[in-house]
Amino acid sequence: MTAEKPILYALSTCSHCKSTKKLLTDCDVEYDYVQVDDLEGEERKAILADIKSLNPRCSFPTIKINKTVIVGYKEKEIKEALGIKNES
Amino acid sequence: MKVEQLYTALKKSQEARGIYFNKDRDLVFELLDALLKNKDRYGYMACPCRLACGDKEKDRDIFCPCEYRAPDLEEFGTCYCGLYVSSALNNNEIEAQYVPERRPPEKIF
């Protein structure tokens, strides 16, 4: 399973982000969640810098699972990174 | 404005230009609701799947329909957030796929 807690950077209004959150919940995965559109000022700048270090496009959702960074709602890749078997 | 009113108005104007709403009606209404939320908080309908900064000039490229819709429809048959699809995708001539972000990162604040 995962060593580090996954962290999901997302937007409150984004449907791809909502699908990613639902997938993590359905898989009973505990994760840290950062709703970036709620942030302002220095905190926002710092978080954007963090995201850009992981995903230079700074798009959403961006999720970090251990050393793996996945951009977009990609169910298969997310499950693999979580060590969850994909039903093919 | 209510989501249903926005849906009806946009459906008419966009289909006249050969651009369709996604067949996933729940997704469409979720995204239209998000557009109205962004209109309330920013004063303009910023793309629900992109980070708006609240500055009208800086966010002009992501007013919905965004500047990136045309090239995304052309290449992928759908816009970045999935609200709009091309007739090719609508008629199942092409398959839906992940649309990478086209917006330059330097525009994100």
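On C-alpha positions alone, give me the angle between the axis of helix A:15-26 and the longest principal axis of chain A, in degrees, nearest 10.
Relative to chain A, helix A:15-26 is tipped by roughly 50 degrees.
Taking a 18 Å limit on the Cα-Cα distance, which of the listed pairs A:18/A:64; A:21/B:56; A:22/B:11; A:21/A:45; A:52/B:37 fall beyond it?
Over 18 Å Cα-Cα: A:21/B:56; A:22/B:11; A:21/A:45; A:52/B:37.
Using the Cα centre of chain B as the reference point, and only Cβ charges (+1 on K/R, -1 on D/E), how large is the resulting charge dipole? Debye, rounded to the nearest 20.
I would put it at about 420 debye.
Before we go on, tell me the buried accessible area for the B/A pair, both chains summed, 1.4 Å probe, in Å² to the nearest 100.
Buried surface at the B/A interface: approximately 1700 Å².
Using only the Cα atoms of the protein assembly as shown, what are the Rg and Dmax in Å?
Spelled out, the Cα radius of gyration and Dmax of the protein assembly as shown are 17.0, 52 Å.
Suppose each label sits 7 Å from its Cα in the direction of the beta carbon; what would the residue B:25-residue B:8 distance come out to in nanometres?
With each label point 7 Å from Cα toward Cβ, the separation is 1.5 nm.
For the ranges B:73-81, A:68-76, B:43-51, what's the packing order if you count other beta-carbon atoms within 10 Å of each residue, average per peptide, and put the highest first?
Ranking, from highest mean packing down: B:43-51, B:73-81, A:68-76.
Where the only charges are on Cβ atoms (+1 Lys, Arg; -1 Asp, Glu), what is the dipole of chain A about its Cα centre, to the nearest 20 debye?
So the magnitude is around 340 debye.
Quick one: which residues, 5+ away or cross-chain, put their amide H under 5 Å from the amide H of residue B:96? H built at 1.01 Å from N.
Those qualifying (amide H under 5 Å, at least 5 residues apart or on another chain) number zero.
For peptide B:44-51, compute the average count of partner chain beta-carbon atoms within 10 Å of each residue's beta-carbon.
6
Kindly provide the helix-only [θ] at 222 nm of chain A, computed as the sum of -39,500 (n - 2.57) over DSSP H runs of four or more divided by all residues, to the nearest 500 deg cm²/dmol?
One gets -12000 deg cm²/dmol as the mean residue ellipticity at 222 nm.
Report the full-extension gain for the segment residue A:50 to residue A:66: residue separation times 0.36 nm, less the Cα-Cα distance, to one decimal in nm.
Difference between extended and current length: 4.3 nm.
In the stretch A:1-27, which residues give up 40 Å² or more of accessible area once the other protein chains are added, compared with their chain alone (1.4 Å probe)?
Residues meeting the cut-off: A:11, A:13, A:15, A:16.
Can you give the log10 of the normalised intensity I(q)/I(0) at q = 0.11, 0.21, 0.25, 0.28 Å⁻¹, computed with Debye over equal Cα scatterers of the stretch B:44-109?
Scattering profile of the stretch B:44-109, log10 relative to I(0): -0.26, -0.80, -1.03, -1.21.
Could you work out how far apart the two model spin labels at residue A:85 and residue A:33 are, taking each label as a point 7 Å from the Cα in the direction of the beta carbon, and quote it in nm?
2.9 nm
In whole angstrom, and with the biggest value first, how far do the Cα coordinates of chain A range along each principal axis?
Rounded to whole Å, the extents work out to 43, 25, 22 Å.
Using a Förster radius of 41 Å, what is the FRET efficiency between residue B:93 and residue A:5 based on their Cβ-Cβ separation? Nearest 0.05, please.
Given R0 = 41 Å and the Cβ-Cβ separation, E is 0.45.
On the accessible surface of chain A, probed at 1.4 Å, how many percent belong to carbon and sulfur atoms?
For chain A, the apolar C and S fraction of the accessible surface comes to 50 percent.
Considering every residue in B:20-32, what mean count of other chain Cβ atoms within 10 Å of its Cβ is obtained?
The shielding value for this peptide is 1.
In Å, what Rg and Dmax follow from the Cα atoms of the stretch B:22-66?
Computed over the Cα atoms of the stretch B:22-66, radius of gyration and Dmax are 10.5, 32 Å.
The values are calculated or read from the model by the stated rules, or taken from the named source; none is laboratory data. Here the structure is a predicted model, which means the values were calculated and not measured. Reconstructed Cβ throughout: ideal geometry from the backbone, glycine too, with neighbour counts over all protein chains shown. What goes into the accessible areas is simple: the full protein's heavy atoms, side chains included, and nothing from ligands, DNA or RNA. Shrake-Rupley method; radii C 1.70, N 1.55, O 1.52, S 1.80 Å.
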